[in-house]
């Protein structure tokens, strides 16, 4: 049975289109099923937010602390938790594909393409892991024996769309492309994969090197995924997401709130006079050609250097949306964006920029550790932010004409 299935799934012509179709289906499930479940989280967060606000008013908590708790912590951390069902469905689907034996076939399918760009098929394994998290994906490059292959793989792995970017895609695709949200999000994954492969090809042409590594991989028999294995895999990923929500995103939400509520004159309710507004305004001329010339987006993108989920948490605080995962929250934010001329071309450019710009701090540290080179880490960061700006600008300018 395995041999019969492999004649189709590993076919030299149809193998890759089938893989892309399977991943497209995964994203349809992530958006449809995940969004349906998230409504329960949204309702719970609404009730919790109202209870906290009433409690703070009852005990006559000061304006500053009330704003910090409701508009800073709950809006940031609570808003990002509403995307947990989408993350859960994505990793559940990936766990099924992994434990069924299919993911090893993906590396086999991509072997021919990887060899043509000067890399071993082994290099595609870290790239696939990058769909989950960039940090372990970069560490997985240790399996490559050729030092040049390792550097190339580390260089292009951050192009893969890690799970931390899912909330960004869900939010903007849901707001601006409601009928094709899943396909728009899937296009981000394909874009990252294609750009990564093209970058590796250019690097190989530049140094005229070819991989000496030969792909040797076991293709196990297909089997029904083991429930225990799937549960452990999904729980590990969900726990990592919750840990970041309780640490990195929590701290980042507080910092963003401080930047937006304090200025040279101290605490102020006028965000336009805050430190955050000044920082964002300084970046507006640079981001404007890419359709991202809004100081709020600039601040959100800067916050994403801590962790990409923080971008959405920051937008919650920046636009004063307590529950950004709810229909009302998205409508409120959509109205604010449309009012200043932010449209579909801007939204797609924002997703492209979020896909490609500087990896999170943890990924940068991992790159430095794995390569033993701070210069290489800095080069990766600069290259990605320049490429992100160029691609976002290209997307926006073409999109605006269309």
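The values are calculated or read from the model by the stated rules, or taken from the named source; none is laboratory data. These figures come from a predicted structure and were not determined experimentally. Don't worry about glycine lacking a Cβ; one is built from the backbone with ideal geometry, like all the others, and counts go over all protein chains shown.
Values for this structure:
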{"item": "Among residues of region 358-382, those that are assigned to a helix (DSSP H, G or I) and touching a residue at least 60 places away in the same chain (Cβ under 8 Å), counted", "result": "8"}
{"item": "Of the criteria (1) touching a helix residue (DSSP H, G or I) at 6+ places or on another chain (Cβ under 8 Å); (2) assigned to a helix (DSSP H, G or I); (3) modelled with pLDDT under 85; (4) closer than 16 Å to residue 174 by Cα, which one residue 325 fails", "result": "(2)"}
{"item": "Filtered residue count, region 288-309, keeping only those that are touching a residue at least 24 places away in the same chain (Cβ under 8 Å) and either within 21 Å of the chain's Cα centre (by Cα) or over 19 Å from residue 401 (Cβ atoms) (or both)", "result": "14"}
{"item": "Residue count for region 107-149, restricted to those that are part of a loop (DSSP other than H, G, I, E, B) and farther than 15 Å from residue 203 by Cβ", "result": "5"}
{"item": "Test for residue 246: is it in contact (Cβ under 8 Å) with a residue 24 or more places away in the chain, within 22 Å of the chain's Cα centre (by Cα) and surrounded by fewer than 14 Cβ atoms within 10 Å (Cβ to Cβ)", "result": "yes"}
{"item": "Residue match in region 112-128 (condition: over 23 Å from residue 15 (Cβ atoms) and touching a residue at least 12 places away in the same chain (Cβ under 8 Å))", "result": "no"}
{"item": "Per-region count, region 82-108, residues at pLDDT below 80 and under 20 Å from the mean Cα position of the chain (by Cα)", "result": "1"}
{"item": "Those helices (runs of 4 or more DSSP H) lying entirely in region 1-78 with at least 1 residues closer than 19 Å to residue 219 by Cα", "result": "2-9, 15-58"}
{"item": "Boolean, residue 186 is closer than 27 Å to residue 122 by Cα and assigned to a helix (DSSP H, G or I)", "result": "yes"}
{"item": "The one condition in (1) more than 20 Å from the chain's Cα centre (by Cα); (2) surrounded by 18 or more Cβ atoms within 10 Å (Cβ to Cβ); (3) over 16 Å from residue 324 (Cβ atoms) that residue 53 fails to fulfil", "result": "(2)"}
{"item": "Residue that is surrounded by the most Cβ atoms within 10 Å (Cβ to Cβ) [pool: residues in region 256-270 that are more than 21 Å from the chain's Cα centre (by Cα) and either in contact (Cβ under 8 Å) with a residue 40 or more places away in the chain or closer than 17 Å to residue 310 by Cα (or both)]", "result": "260"}
{"item": "Meets criteria (farther than 23 Å from residue 380 by Cα and either surrounded by 18 or more Cβ atoms within 10 Å (Cβ to Cβ) or under 13 Å from the mean Cα position of the chain (by Cα) (or both)) for residue 167", "result": "yes"}
{"item": "Criterion: crowded, with 24+ Cβ neighbours inside 10 Å, touching a helix residue (DSSP H, G or I) at 6+ places or on another chain (Cβ under 9 Å) and free of Cβ contacts under 8 Å to residues at least 40 places away in the same chain - qualifying residue of 173, 137", "result": "137"}
{"item": "The listed residue being touching a helix residue (DSSP H, G or I) at 6+ places or on another chain (Cβ under 8 Å), modelled with pLDDT under 90 and assigned to a loop (DSSP other than H, G, I, E, B), out of 254, 249, 217", "result": "217"}
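Here's the yes/no breakdown for (1) touching a helix residue (DSSP H, G or I) at 6+ places or on another chain (Cβ under 8 Å); (2) modelled with pLDDT under 90; (3) assigned to a helix (DSSP H, G or I); (4) surrounded by fewer than 21 Cβ atoms within 10 Å (Cβ to Cβ):
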position: 277; (1), (2), (3), (4): yes, yes, yes, yes
position: 307; (1), (2), (3), (4): yes, yes, no, no
position: 317; (1), (2), (3), (4): yes, yes, yes, no
position: 321; (1), (2), (3), (4): yes, yes, no, no
